[in-house]
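First comes the structure, then the notes that go with it.
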Amino acid sequence: MKQAWIKTTLALAIGALSSQALANGLAINEHSASGMGTAFAGRSSNVLDASIVAGNPAGMSKLERREVSGGLAFIHALTDIEATGGTGSTDGDMVPFATVPFGYYVTPINDKLHFGLGLYVPFAVISDYENGHMGRYHGLNSEVEVVNLQPTLSYKINDQVSVGGGLVISRIYGQLTSNSAVGPFDAKIEIEGDDIAYGYNLGVLVDFTERLSWGLTYHSKVKYSLEGDTKVSDMPAGVSVPNTGGTVPFSALNGKYDASVDITMPESVDTSVTYRLDDQWTLYGGATWTRWSRLESLVVENQTSNPVAAGVLGRKVEPLKWSNTWSFAVGTSYQLNPQWVLRAGLALDESPTNDEHRTTRIPVSDRTILSLGAGWNINRDMTLDLAYSYLKEDKGEVNQAGYNAEYENSAHGLAAQLTYRF
């Protein structure tokens, strides 16, 4: 019971790790359809529309008019699970169809200064194992989302160099459930909490020549202190827990308890180059470093005056032992005619965890992502971008108490984005 409780409570902070979105660890990439078409190669150096607010705030300086850009990304994930060491099903249909929205606005203030506003989702997950899943004691249902609101400024130093920065106002919300084995019974534990925290983004964009551009973006860490409650239900009256002076039925744990979890999303650095080969072909390359080693461990605080609950709850420490990661992407675009541009890209994305530390809620491995996209200039003022990505993960093992499994994940992503200039 105690170990199951620890695993479930920690899920309030790390539930997003089971995301099958098109980036690894906690992060997702679905911030624009125009960038998705090249697997986000050139994220910091290629200015296509107002979505550059999220990619590199310095890039706003290249937008000549006001722009509103927004869209949706759709993700359909597939998970193949081969499990042993427990009882229950292993259907593997654990990630429902998901939708990721994004929206941006940029306006010139004068010839050198631009203002932008972005609303996007950097981390999110909806995972839902079947009720009788073999790994239900380590995680059952997860719904976690982080939404960023980013007011941003850019400054054009000269015709070659621009800089920019933005404040990140970030809200996290989580609601998760799992089962806890109490004798022959399955009790239910549900956790809910939220927080608002702050960070920042900084960027620089340099045009070395008319054909070659380089960009660098720094995304700061964001520290959340989630406050919420833990609801325990279905604890059976016929099973007891040792207590001072005798035993007390587990049913005495039923109820709500205050809970808090501190978690820091790590900083990252993205750099990329854009090279305009000629009037039709453009090449992109990029790399992103993420300091996942900040997630060495998580500490959960549960507050209760219930003397029975106090013996089971309280302060829990869970090691994660994540490692820093690199991701790399290359891409190209082809200007078919003044109305249409075609895009393609390939990305390699390292996993921050491994077979030793991977968990049911974090069954991610190294990823390969192939993307295709197209942009249609409907007229001078309006552009429609579409993109498709296919993600394939290496096989990864999960080895937890009473649950040993091999996961093989894949996902299809589709995004659409409309940009209006005025």
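The values are calculated or read from the model by the stated rules, or taken from the named source; none is laboratory data. Predicted model, so just to flag it, every value in this text is computed and none were measured. Reconstructed Cβ throughout: ideal geometry from the backbone, glycine too, with neighbour counts over all protein chains shown.
The criterion of at least 3 residues that are within 28 Å of Ser410 (Cβ to Cβ), acidic (Asp, Glu) and at pLDDT 95 or above is met by none of the strands (runs of 3 or more DSSP E) wholly inside the stretch 21-129.
Contact annotation: residue pairs with Cβ atoms under 9 Å, 6 or more positions apart or on different chains, pairing a residue in the stretch 334-360 that is of a type in the set (Phe, Trp, Tyr) with a partner that is in a loop (DSSP other than H, G, I, E, B) and at pLDDT 95 or above, are Tyr334/Gln280. Looking only at the stretch 278-312, residues that are among the β-branched types (Val, Ile, Thr), at pLDDT below 75 and either assigned to a loop (DSSP other than H, G, I, E, B) or closer than 13 Å to Pro266 by Cβ (or both) come to 2 in all.
Restricting attention to the stretch 202-247, the residues being within 30 Å of Val269 (Cβ to Cβ), at pLDDT below 95 and small (Gly, Ala, Ser) number 1. Condition first: at pLDDT 75 or above, out of contact with any Pro (no Cβ under 8 Å at 6 or more places or on another chain) and either part of a loop (DSSP other than H, G, I, E, B) or among the basic types (Lys, Arg) (or both). Now tell me which residues in the stretch 313-327 satisfy that. Passing the criteria: Leu320, Lys321.
Yes or no, residue by residue, for (1) out of contact with any helix residue (DSSP H, G or I) (no Cβ under 9 Å at 6 or more places or on another chain); (2) polar (S, T, N, Q):
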site	(1), (2)
Leu346	yes, no
Pro352	no, no
His357	yes, no
Val364	no, no
Ala374	yes, no
Asn379	yes, yes
Glu393	yes, no
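For the stretch 131-168, a residue qualifies if it is within 29 Å of Asp93 (Cα to Cα) and of a type in the set (Lys, Arg), and exactly one does: Arg136.
Could you tell me whether any residue of the stretch 210-217 is under 22 Å from Ser154 (Cβ atoms) and within 22 Å of the chain's Cα centre (by Cα)? Yes, there is a match, as at least one residue in the stretch 210-217 is under 22 Å from Ser154 (Cβ atoms) and within 22 Å of the chain's Cα centre (by Cα). Residues that are more than 24 Å from Val100 (Cα to Cα) and either surrounded by fewer than 24 Cβ atoms within 10 Å (Cβ to Cβ) or out of contact with any strand residue (DSSP E or B) (no Cβ under 6 Å at 6 or more places or on another chain) (or both) within the stretch 134-159 comprise Met134, Leu153, Tyr155, Lys156, Ile157, Asn158, Asp159, listed in sequence order.
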